[in-house]
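First the structure, in the form of structure tokens, and then the observations on it.
The values are calculated or read from the model by the stated rules, or taken from the named source; none is laboratory data. Just so it is clear, the structure is predicted and the values come from calculations on it, not from any experiment. Heads up, the Cβs are rebuilt from the backbone with ideal geometry, glycines too, and the neighbour counts pull from every protein chain shown. Heads up: the accessible areas ignore ligands, DNA and RNA and are worked out on the full protein's heavy atoms, side chains in. Shrake-Rupley method; radii C 1.70, N 1.55, O 1.52, S 1.80 Å.
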Amino acid sequence: MKSSELFEDAKTMMPGGVSSPVRAIQPYPFYTARGHGPYLTTVDGDELIDCCMGYGPLVLGHAHQAVREAIETQVTEGWLYGTPCPQELNLARRVIDDHPSIEMVRFVSSGSEATMAAIRLARAATGRQEIIKIEGGFHGAHDAVLVKAGSGATTMGVPDSAGIVPDLVKHTRQVAYNDLEGLDAVLSSSEDIAALIIEPVMGNVGPVLPEKGYLQEVRRLTREHDALLIFDEVITGYRLGIGGAQNYFGVTPDLTTLGKIIGGGLPVGAFGGRKDLMEQVAPQGPVYQAGTFSGNPLTMAAGTAALGWLHDHPEIYPHLDEGTRAIGEACEDAHAGGSFVRIGSMYKYFFRPEPPQNYTEAKESDTTRFRTFWEKMLAHGVFLPPSQFETEFISAAHTDEIIEHIADRYRTCLSS
């Protein structure tokens, strides 16, 4: 069946015909038959260069040999036990060794679950109720953080979805990214703030990058007000190098959430931090967290293989950095009036004159122009995330030749 036919069938069985809203491309999404290296092959027979990479997890590319072999080996031994398994120790040791801020870690099944548990832990550890999140920051689809972007530093939480009881988010405060004055104002306004949760690099509206010294001051301010600092590194973890954004920028959070890459492309999440905090998680402490698929041996094996490969090939990070630099140069050549933002293997072309510094500025981008550009890129065989507000990625499977081809397509499609 063709993609159009599959979508018509899907709409009769699934809301909007998809399992996640961003996939609801109009008039219909393409359906993937196979992922291999840097490519997706659709059921319609098209081969596309993938610059979405599963929205970030596939830093090694699709069906990477090391990960595939680890999965094949593990699957012969079983893929769900409901008991502890040696594989989770292997991945835990790797994560802890790579992050000086993480002394203990708990594996879960998604990034959303990780951020939910980290916030619960922060509230329990501090005895406080309120949290701060960054306007436009995405930390999963659970109630405490599914909050509309506000208009000022002291904006109180308003639900961003039907079905969320307003009382559940009234303790969620918001500030703009890169706004230290606003953050200081919120922290100073209440002695009941348990934590700030922040993407060190905003990934779901960007990337939007921190101004020089911003994250260091965030760390100083949260410490000054006895609020915990939670780095949401579900996207940036192992994307910006071993140790993620906290190593890249030299900032030590109290708690860290991880996901995506640490599972090698299989469902995963994790939260970790200082030992005195993590020892409060059940069964050692009073903060309850549990999950049937937590520490799943298949995911643990895949994640260990992926992170092991990254350790064995440190040259990949400079390669990825040079790759996005080349794409950026092609965008500059096009003189299309927009702005290109990149960090490591994360990048985006914004249809606004200057790189955005926060969510409000990102939302000023011309989404109509982006849609036209996206369609042109797809017609030229390059698949980008179908939103102006989703980061693009390249992977270890994107060779110099493929990156040059991507850059040329940017130059062509922005110029036409």
Checklist outcome for this item: Among the residues of region 241-287, the number that are open to solvent by 20 Å² or more (accessible area, probe 1.4 Å) and closer than 24 Å to Ile316 by Cα is 9
Checklist outcome for this item: Gly381 meets each of (1) of a type outside the set (A, V, I, L, M, F, W, C); (2) surrounded by 15 or more Cβ atoms within 10 Å (Cβ to Cβ); (3) touching a strand residue (DSSP E or B) at 6+ places or on another chain (Cβ under 7 Å) with one exception, condition (2)
Checklist outcome for this item: Restricted to region 350-378 and to residues being open to solvent by less than 10 Å² (accessible area, probe 1.4 Å) and under 19 Å from the mean Cα position of the chain (by Cα), the residue farthest from Tyr31 (Cα to Cα) is Pro356
Item to check | Count - residues of region 1-10 that are at pLDDT 95 or above and open to solvent by 50 Å² or more (accessible area, probe 1.4 Å) | outcome: 4
Next on the checklist: It is to be established whether one or more residues within region 224-233 are open to solvent by less than 20 Å² (accessible area, probe 1.4 Å) and assigned to a loop (DSSP other than H, G, I, E, B).
Outcome noted: yes
Checklist entry - Would you pick out the residues in region 320-357 that are farther than 16 Å from His405 by Cβ, without any contact (Cβ under 8 Å) to a residue 60 or more places away in the chain and charged (D, E, K, R)? => result Asp321, Glu332, Arg352, Glu354
Next on the checklist: For region 288-327, give me each residue that is touching a Lys or Arg at 6+ places or on another chain (Cβ under 6 Å) and under 23 Å from Ala117 (Cβ atoms).
Outcome noted: Leu307
Checklist entry - Take the residues of region 11-46 that are touching a Ser or Thr at 6+ places or on another chain (Cβ under 9 Å) and among the small types (Gly, Ala, Ser): which is most open to solvent (accessible area, probe 1.4 Å)? => result Ala33
Checklist entry - Within region 56-70, can one find any residue that is open to solvent by 40 Å² or more (accessible area, probe 1.4 Å), within 24 Å of Tyr349 (Cβ to Cβ) and in contact with a strand residue (DSSP E or B) (Cβ under 7 Å, 6 or more places away or on another chain)? => result no
Checklist entry - Which of the residues that make up region 206-223 are open to solvent by 10 Å² or more (accessible area, probe 1.4 Å) and either in contact with a Ser or Thr (Cβ under 8 Å, 6 or more places away or on another chain) or closer than 25 Å to Glu113 by Cβ (or both)? => result Arg219
